[in-house]
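Have a look at the structure below before the remarks.
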There are 2 protein chains.
Amino acid sequence: MADSPSPAAVTISAIAAEAGVSAPTVSRVLNGRGDVAPATRERIEGLLRTRGYRRRGSKAGDKAGEMVGLLDLVFNDLDSPWAVEIIRGVEDAAHDAGSGIVVSAIHRRASSTRQWLRNVRSRTSDGAVLVTTDLDSSLRAELDELHVPAVVIDPVGVPDLAVPTIGSTNWAGGLSAVDHLISRGHRRIGFVAGRPELWCSRARLDGYRAGLETAGLDVDPDLVVPGEFDYESGFRAGEHLFGLADPPTAVFSASDQMTLGVYEALRRRGLRVPADVSVIGFDDLPEARWASPPLTTVRQPLADMGRLAVRTVHRLVRGEAIESPRVELATELVVRDSTAAVPGRVSG
Amino acid sequence: MADSPSPAAVTISAIAAEAGVSAPTVSRVLNGRGDVAPATRERIEGLLRTRGYRRRGSKAGDKAGEMVGLLDLVFNDLDSPWAVEIIRGVEDAAHDAGSGIVVSAIHRRASSTRQWLRNVRSRTSDGAVLVTTDLDSSLRAELDELHVPAVVIDPVGVPDLAVPTIGSTNWAGGLSAVDHLISRGHRRIGFVAGRPELWCSRARLDGYRAGLETAGLDVDPDLVVPGEFDYESGFRAGEHLFGLADPPTAVFSASDQMTLGVYEALRRRGLRVPADVSVIGFDDLPEARWASPPLTTVRQPLADMGRLAVRTVHRLVRGEAIESPRVELATELVVRDSTAAVPGRVSG
DNA sequence: CTGAAAGCGCTTACAG
DNA sequence: CTGAAAGCGCTTACAG
């Protein structure tokens, strides 16, 4: 798992020797000059990649393994308050370690990803923290070649053990949300799911199911509605749930943003939180505190996840072993004012 | 205002010649080696600063004026959704220009500021965008010496014309908010102010006053309450305002976050928005859309301000002239569901 | 299209 | 504490 330190540094002249050309030719390829024979260029480019060439200043002391003081932090999108929580933790830990963080959004576009890789190569950052990114095998291979260690926060798919991932206990968090509602007497509990392709969404759903089943309750498929983690899909889910002939008395939704959409759907129907309906979210973004009424939710320690990601990348940079390729930080139920006992419940 | 390009590049040997020492000695100072006579060290450090020395790799082509592809983005704190809006715009424009952005939080601490400056020096970024930062004259002098051009978004004090600033039309925005409420028949309009030391807060307050005065209404000092831009101070302001013997029928608060606090204060008193009280905010953060009811607010184009900041820094890097040292982008009233006509108003 | 030569900016022993 | 020398990684003319 740990890279064996390359016996000789990967310099331009090393590459040149291996390719059977002179150093200036390799330099030309690196700088995108036109006047290199296609075959030569290809051979050199191949070597550059497989050997993981990275530009090293002149400084003789610039040995492999020394840190540049720059870490990349990559999101798909920067449009959610979710992102800033992670940035905060990553910035904090990086600052303590004397590193700067370079934040990018790649918008799920291959072209942006390629440009990001080009930038990483030219600026030679020490490592990368990728957030909810697919990190397909080709991207991983490229980072490997560049010798840029990566850590993934909140992996989208089944964790690939070759790259360390950091998540939270989504299943247990889902379970605790449902337990809380059941302890308040709720029996018909709706669930608004997150983006189905995401690993964490499935875990939260399964936690919801497990909570009901443990209490001896059936999972009513009518009460499980799809969502996309955003406000709009939460609003639609709320409209659907409370348009039902036999609506739930409580709703657990898999993100705070969707929960705010549920709030609005309830308000439009004249239903009050928590007097008429109890509502619980997931994440504990700042907006959960600011909702009216303040939202009961399952806290995900996003900033801590960011901090741990930085420490993990730094261990990898220094070639140290990491405890586990897969870490889940604990979620925590935060009870505020959006959950209450079932309205009008008769004693039995 | 534009730097005259230094006749000779600021290299280690240039500094050495000027200091009357050899290049290795300067190198030692730069790398913090201990074995340099204090007097020599001081002389060299002085020269390094006044000449604006910046580490330049070996590459012969690394002429002064070439871009590194890195921009610094500095916040005091990263704890508000406000920040992510600006990051989004800055990232977007920087990405288009092929630059990466290094984001830092300096927490208003001099020590963090110093560390940030050290980092800037070692990583030689092309320029800096500072958000709501004081940029006191010593910091400015240091950036000048490093030849790192800076732009300030949302300056805290009276704009210092030596550094370009980008803001929004706070005064006009405040005016438009009050106009909107007056057009709905409101006469008693409360105002929750922002942090008093900030320039933008004063402009919004003056806009509020101007709106009332234009309509021939008196400014009732009892209805103007201090705030700090955050949720908690908004909540307290709401409690105060609606504990008054003659409470307002509408409230304009100088940030969306404070407005959410006002929502909660109203909810606790059993007052409905907008049926009983109209409420209007400032910023148009995503949470304004997600509030229940969705919040009428004055939109500040934060992402656009970030984009413009990047373009401005890049002009400065290239030594181009900028149109104006002070730009204000237009605010825009966004009407949603939190404002309505005065309740129970008689026809006249 | 490619290489031998010269050179740049910087740093590391080494000597004093 | 300091400098002359050697050397590193890279690049730019220049010649062919």
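The values are calculated or read from the model by the stated rules, or taken from the named source; none is laboratory data. Values in this document were obtained by computation on a predicted structure and should not be read as measured data. Positions of Cβ are backbone-derived with ideal geometry, glycine not excepted, and every protein chain shown enters the neighbour counts. Surface areas here come from the heavy atoms of the whole protein model, side chains and all, with no ligands, DNA or RNA. Shrake-Rupley method; radii C 1.70, N 1.55, O 1.52, S 1.80 Å.
Quick notes on this one:
- Size descriptors for the range B:207-348 (Cα atoms only): Rg and Dmax, in that order, 18.3, 63 Å.
- Angle between chain A longest axis and helix A:38-51 axis [Cα atoms, degrees, rounded to 10]: 60 degrees
- Starting from the label point of A:Asp35 at 7 Å along Cα→Cβ, the same points in the other copies fall at 4.6 nm, in ascending order.
- Helix axis angle, A:302-317 relative to chain A longest principal axis, alpha carbon, degrees: 20 degrees
- Neighbour count of at most 12 Cβ within 10 Å plus DSSP loop: longest GluC sites (Glu not before Pro)-free window in chain A: A:67-196
- Mean separation of Cα contacts under 8 Å, 6 or more apart, over the residue count of the range A:170-299: relative contact order %: 25 percent
- Normalised by the number of residues in chain B, the mean separation of alpha-carbon contacts (under 8 Å, six or more apart) gives a relative contact order of 18 percent.
- Probing with 1.4 Å while keeping every protein chain in the model, the per residue accessible area of the range B:138-245 equals 40 Å².
- Computed helical MRE - 222 nm, chain B, DSSP H runs ≥ 4 contributing -39500 (n - 2.57), nearest 500: -13000 deg cm²/dmol
- Relative to the longest principal axis of the Cα atoms of chain B, the long axis of helix B:170-183 lies at roughly 10 degrees.
- Shape of the range A:151-249, Cα gyration tensor, a/c cut at 1.5: oblate
- Neighbourhood charge, 9 Å Cβ-Cβ cut-off, centred on B:Arg51 and excluding it, Lys, Arg +1 and Asp, Glu -1: -1
- Distances between placed amide hydrogens fall under 5 Å for B:Gly127 paired with B:Asp72, all partners being 5 or more residues away or on another chain.
- Taking a ≥ b ≥ c as the square roots of the eigenvalues of the alpha-carbon gyration tensor, the range B:138-188 is classed prolate because a/c is 1.5 or more and a/b outweighs b/c.
- Other-copy label distances relative to B:Ser183, 7 angstrom Cα-Cβ extension, nm: 5.1
- Rounded to the nearest 20 debye, the dipole size of chain B about its Cα centre is 860 debye, using +1 on the Cβ of Lys and Arg and -1 on the Cβ of Asp and Glu.
- q = 0.07, 0.11 Å⁻¹, chain A: log10 I(q)/I(0) [Debye, one scatterer per Cα]: -0.39, -0.76
- The local environment of A:Val273, defined by Cβ-Cβ distances under 9 Å, has a net charge of 0 under the rule Lys, Arg +1 and Asp, Glu -1.
- For the protein assembly as shown, dividing the convex hull volume of the Cα atoms by the residue count gives 185 Å³ per residue.
- Burial of accessible area (probe 1.4 Å, heavy atoms of protein chains only) in the range B:277-311, relative to its chain alone, reaches at least 20 Å² for B:Glu287, B:Arg289, B:Trp290, B:Ser292, B:Pro293, B:Pro294.
- Each chain gives up part of its surface: B and A jointly bury about 3500 Å² of accessible area, both sides summed, for a 1.4 Å probe.
- Relative contact order (percent, whole number), the range A:128-202, Cα cutoff 8 Å, 6+ residue spacing: 28 percent
- Nearest-0.05 FRET efficiency for A:Asp79 and A:His240, computed from C-beta distance (R0 25 Å): 0.50
- In units of the rule-of-thumb radius 2.2 N^0.38 Å, the range A:242-296 shows an alpha carbon radius of gyration of 1.05.
- Expressed as a whole percent, the accessible area of chain B that falls on carbon and sulfur atoms is 51 (1.4 Å probe).
- Here the Karplus relation 6.51 cos²θ - 1.76 cosθ + 1.60, evaluated at θ = phi - 60°, turns the backbone of the range B:323-339 into coupling constants of 4, 8, x, 9, 10, 10, 7, 6, 8, 8, 6, 10, 8, 10, 10, 9, 10 Hz, with x for every Gly and Pro.
- Radius 13 Å from Cβ of B:Asp284, net charge of other residues (Lys, Arg +1; Asp, Glu -1): -3
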